[in-house]
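Everything below concerns the one structure shown next.
The values are calculated or read from the model by the stated rules, or taken from the named source; none is laboratory data. Just so it is clear, the model here is predicted, and its values are computed rather than measured. No Cβ is skipped: glycine too gets one built from the backbone with ideal geometry, and neighbour counts run over all protein chains shown. These accessible areas exclude ligands, DNA and RNA; they are computed on the full protein's heavy atoms, side chains included. Shrake-Rupley method; radii C 1.70, N 1.55, O 1.52, S 1.80 Å.
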Amino acid sequence: MKTIGLIGGLSWESSAHYYRLINEGVKARLGGLHSARVLMLSLDFAPIAALQASGDWDVLDGQMAEAARSLTAGGAEMLLICANTMHLCAEAAEAATDVPLLHIADPAIAAIRAAGYTRVGLLGTAFTMEKPFYTGRMAAAGIAAIIPGDADRTTVHRIIYDELVQGVIRDESRAEYRRIIAALIADGAEAIVLGCTEIMLLVDARDSAVPLFDTLALHVEAAVEMALA
């Protein structure tokens, strides 16, 4: 079993799910008393969020690279960044070590392609919805990403940062996400990608008329497969 290195705290709300789901996945595969070999470097999200907001991605590149080096020095044999948005720094983290980094978009893309979809709605932070590091990767795989309009992108982003990463779950916000999901479906989305690792705290299959692709769950599933290969 490979030791999985997790760059977490991005936010810790979703990192806790990563830890639980990875261990559940290993136990399901191996049975008995088995659990995963995991190292997690859990970062303080407040200064990271401030750097995101100010656009200081070069600084964040350096922090993700240092986190990757620290986990590798501790014995990690594979790396995961436990957030979609921080994959803006995936190349920097990957270049910092010889340990493979499992990109969060790749298992989602594989699952979407396996299901035969080519047009999907994408929900996430404004960075994930608007910057090409994510939608470009999908386009290269033949998948068109439909994103909400300006006002709805602002709503999706606000709920993530003001509520979900702080563990706040509101019925009113779930209703907003349901409305936005319905609008994406009306625009031609065949499925919806939950492109933020906290969105699964708020919505599930009951909130969408089309299939949902939970990037956190798919990332974990691929990580377990990689760790046990």
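Would you confirm, using the coordinates I've provided, whether VAL99 is assigned to a loop (DSSP other than H, G, I, E, B) and of a type in the set (A, V, I, L, M, F, W, C)?
Yes: the conditions hold for VAL99.
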Review point. Mind checking which residues of segment 101-111 are in contact (Cβ under 8 Å) with a residue 40 or more places away in the chain and either within 19 Å of MET1 (Cα to Cα) or surrounded by 20 or more Cβ atoms within 10 Å (Cβ to Cβ) (or both)?
Key: LEU102, ILE104, ALA105, PRO107, ALA108, ALA111
**Study point:** Those residues of segment 112-128 which are out of contact with any His (no Cβ under 7 Å at 6 or more places or on another chain) and surrounded by 21 or more Cβ atoms within 10 Å (Cβ to Cβ), in sequence order
**Key:** ILE112, VAL120, GLY121, LEU122, LEU123, GLY124, THR128
Check your understanding: How many residues, within segment 201-229, are open to solvent by 40 Å² or more (accessible area, probe 1.4 Å), among the aliphatic types (A, V, I, L, M) and closer than 15 Å to GLY121 by Cα?
Key -> 3
Check your understanding: Where residues in segment 36-93 are acidic (Asp, Glu) and outside any loop (DSSP other than H, G, I, E, B), which of them is most open to solvent (accessible area, probe 1.4 Å)?
Key -> GLU91
